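Here the structure is laid out as structure tokens; the discussion comes afterwards.
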Amino acid sequence: DKLSVNQWPQEVQSELAADEQYHAAKAFWEARQLADGLSRAAASIPNAIKTTKLSEVDRRSFLAQVQTLRDQGTRLKQTAALGDREGMRRTLADLDETCNSCHSRFRDIAGDMPRR
């Protein structure tokens, strides 16, 4: 029969809590690093279309999508720094929508979205 966590000695509970805190802190740190990398990568995207023939409307729309991606990367980094899991979930959903939208509209430039 398994003991519930509430029945464990205090020392074990403390060790579990510290271990959980360490893993959570590490995950948030990694999320901040990934979000920072996403923002930096998004900043370089406009260079990829400098010589691509696009209408002015399409170019502005593409660059607006890129800016949205950068902003969402920054927001993801901020929510990770705060340890805001729900904010991270919302931002990741927004990022997913932005990526899908851009890759759908600009498939000839961005290519198909990679399958998960």
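The values are calculated or read from the model by the stated rules, or taken from the named source; none is laboratory data. As the structure is a computational prediction, the values presented were derived from the model and not from experiment. When we count neighbours, we look across all protein chains shown, and the Cβ atoms used for this are built from the backbone with ideal geometry, even at glycine. Note: accessible area is taken over every heavy atom of the protein model, side chains too, but ligands, DNA and RNA are not part of it. Shrake-Rupley method; radii C 1.70, N 1.55, O 1.52, S 1.80 Å.
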| In the list Asp96, Asp108, Asp112, which residue meets the criterion of being exposed (fewer than 14 other Cβ atoms within 10 Å of the Cβ), charged (D, E, K, R), without any contact (Cβ under 8 Å) to a residue 40 or more places away in the chain and not in a helix (DSSP H, G or I)? | Asp112
| task | Being in contact with a Leu (Cβ under 9 Å, 6 or more places away or on another chain) and either closer than 23 Å to Arg89 by Cβ or in a loop (DSSP other than H, G, I, E, B) (or both) is the filter here, so list the residues in the range 42-61 that pass it. | result | Ala42, Ile49
| Has the range 25-43 got any residue that is open to solvent by less than 80 Å² (accessible area, probe 1.4 Å), at pLDDT below 90 and out of contact with any helix residue (DSSP H, G or I) (no Cβ under 9 Å at 6 or more places or on another chain)? | yes
| query | Quick one: would you say Val66 is at pLDDT below 90 and either surrounded by 10 or more Cβ atoms within 10 Å (Cβ to Cβ) or in contact with a Pro (Cβ under 8 Å, 6 or more places away or on another chain) (or both)? | reply | no
| request: Report whether or not Arg75 is assigned to a helix (DSSP H, G or I), within 13 Å of Arg32 (Cβ to Cβ) and not aliphatic (A, V, I, L, M). | output: yes
| message | Here are the criteria: (1) surrounded by fewer than 17 Cβ atoms within 10 Å (Cβ to Cβ); (2) part of a helix (DSSP H, G or I). Tell me which single one Cys102 does not satisfy. | response | (1)
| request: Evaluate the range 51-62: report whether one residue or more is modelled with pLDDT of 90 or more and small (Gly, Ala, Ser). | output: yes
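Count, please, the residues in the range 71-89 that happen to be open to solvent by 50 Å² or more (accessible area, probe 1.4 Å) and either on the phi > 0 side of the Ramachandran plot or under 10 Å from the mean Cα position of the chain (by Cα) (or both). Working first, answer last.
Of the range 71-89, the ones open to solvent by 50 Å² or more (accessible area, probe 1.4 Å) are 71, 74-75, 77-78, 81-82, 84-86, 89.
After this cut, where a residue has to be either on the phi > 0 side of the Ramachandran plot or under 10 Å from the mean Cα position of the chain (by Cα) (or both) as well, the list is 74-75, 77, 89.
The qualifying residues number 4.
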| So which pairs qualify, if the first residue must be in the range 18-33 and within 17 Å of Thr74 (Cβ to Cβ), the second must be charged (D, E, K, R), the Cβ gap must be under 7 Å, and the two must be at least 6 apart or on different chains? | Arg32/Lys77
| task | Any chance you could count how many residues in the range 78-92 are under 17 Å from Ala42 (Cβ atoms) and either modelled with pLDDT under 90 or of a type in the set (A, V, I, L, M) (or both)? | result | 2
